[in-house]
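Since the structure comes first, as structure tokens, the remarks are kept for the end.
The values are calculated or read from the model by the stated rules, or taken from the named source; none is laboratory data. Please read these numbers as outputs of a predicted model, since none were measured by experiment. As a convention, Cβ positions derive from the backbone with ideal geometry for all residues, glycine included, and neighbour counts pool all protein chains shown. Side chains included, ligands, DNA and RNA excluded: accessible areas come from the protein's heavy atoms. Shrake-Rupley method; radii C 1.70, N 1.55, O 1.52, S 1.80 Å.
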Amino acid sequence: MKTRHSKILEYITEHGKTEVSVLSDKLQASTVTIRKDLDYLEERGMLKRERGFAVPNDPGDIFYRMAFHADKKQRIARTAAAYIENGETVMIESGSTCTLLAEELARTKKSVTIVTNSVCLAEYVRSYSNIQLILLGGILQTPSQSLVGPLTRQAAEAFHVDKIFTGIDGYSRSFGFTGDDLTRADTLHAMIASARHVYVLTDSEKFRHPGAVSFLQLDQVYEIITDEGISPEEKSFLESQNIRITIADN
């Protein structure tokens with residue numbers, strides 16, 4: 001995804017329905033170029049098109065979350081992809097940054113196997129021939145396009161991998177890493193039991209938002225990959241809990 005694509009997504013996520021001419025002025029690009037960009041982004045499910053306008057997705061939709069802080073998420077995904085070797089099998093949980101990680105692996109690696117509960121992720125990278133996808137079964141949660149429940153937990157138990165990558169919805173020092181959905185949290189607990197190391201992929205804004213559901217305890221997390229917006233105090237605290245912190249490359 002180009003830098004201009006990220007800027008388009010950031011703008012319409014913040015401002016809502018936006019005219020093509022406005023995007024052209026803001027980004028100093030021709031309307032022809034902007035329309036091509038919008039076609040590309042619409043094909044990938046990251047926005048909607050109306051005649052002469054770009055429209056953000058529903059806030060509950062995973063593609064809306066992918067558009068929010070798109071540049072930071074792309075950088076986090078690229079950094080995380082460097083941790084994975086050709087031929088490796090990894091678990092990737094559902095989430096916007098995790099989906100971008102899968103795409104990065106599909107573009108840059110060879111013979112990587114991805115075990116996931118994310119239908120969105122599978123759809124996003126299904127056209128790539130150099131990766132293998134194993135989709136865990138379960139109950140489909142429509143807004144997040146993820147599979148959850150007892151069948152998902154049972155399927156996850158069949159695997160043992162070195163790494164699992166997951167996103168989060170929030171964080172607090174006393175409660176750990178949090179989510180907004182109890183069933184998703186229950187499914188994640190089963191998935192991380194099948195992995196040696198847990199990697200959290202998150203933009204730094206999540207560190208300022210405590211969530212409602214316990215997702216991961218601090219001692220369950222091996223490493224966090226985030227952006228430069230994390231405060232020095234929070235970074236120092238997390239490192240004192242024996243969690244590695246990596247700031248995504250620009």
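What the table shows:
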read-out	value
5 angstrom amide H check on residue 89, placed H, neighbours 5+ away	113
J(HN,Hα) series, the stretch 100-110, from Karplus relation 6.51 cos²θ - 1.76 cosθ + 1.60, nearest Hz, glycine and proline x	5, 4, 4, 5, 4, 4, 5, 7, 10, 10, 10
Those lysines that a straight Cα-Cα span of less than 20 Å connects to residue 206, excepting residues fewer than 8 apart in one chain	72, 73, 235
Share antiparallel - DSSP beta bridges, the chain, percent rounded to 5	40 percent
Read-out semi-axes √(5λ) of the Cα gyration tensor in Å, derived from the coordinates shown; its label in [x] 27, 23, 18; [y] 36, 27, 12; [z] 30, 21, 17	[z]
Per-residue ³J(HN,Hα) for the stretch 26-41, Karplus 6.51 cos²θ - 1.76 cosθ + 1.60, θ = phi - 60°, Hz, x for Gly and Pro	5, 9, 6, 9, 5, 5, 5, 5, 4, 5, 5, 4, 5, 4, 4, 5
Carbon + sulfur, % of accessible area of the stretch 73-211 - ligands and nucleic acids excluded, 1.4 Å	50 percent
Radius 9 Å from Cβ of residue 190, net charge of other residues (Lys, Arg +1; Asp, Glu -1)	-1
C-alpha long axis of helix 182-192 to longest principal axis of the chain, angle in °	60 degrees
Ranked by how many other beta carbons lie within 10 Å on average, peptides 110-121, 176-187 from highest	110-121, 176-187
Accessible carbon and sulfur surface of the stretch 1-41 relative to its total accessible area, %, 1.4 Å	44 percent
Under 5 Å, built H, 5+ apart or other chain: amide partners of residue 227	204, 248
Share antiparallel - DSSP beta bridges, the stretch 159-250, percent rounded to 5	35 percent
For residue 72, net neighbour charge (Lys/Arg +1, Asp/Glu -1) across residues whose Cβ lies under 10 Å away	-4
The stretch 206-228 and the stretch 236-250: distance between their alpha carbon centers, rounded to Å	11 Å
Rounded to whole Hz, the Karplus (6.51, -1.76, 1.60) HN-Hα couplings of the stretch 8-13, x for glycine and proline	4, 4, 4, 5, 6, 5
Net charge, residue 173 excluded, C-beta distance under 11 Å - Lys, Arg +1, Asp, Glu -1	-2
Solvent-accessible area per residue, Å², over the chain with all protein chains present [probe radius 1.4 Å]	46 Å²
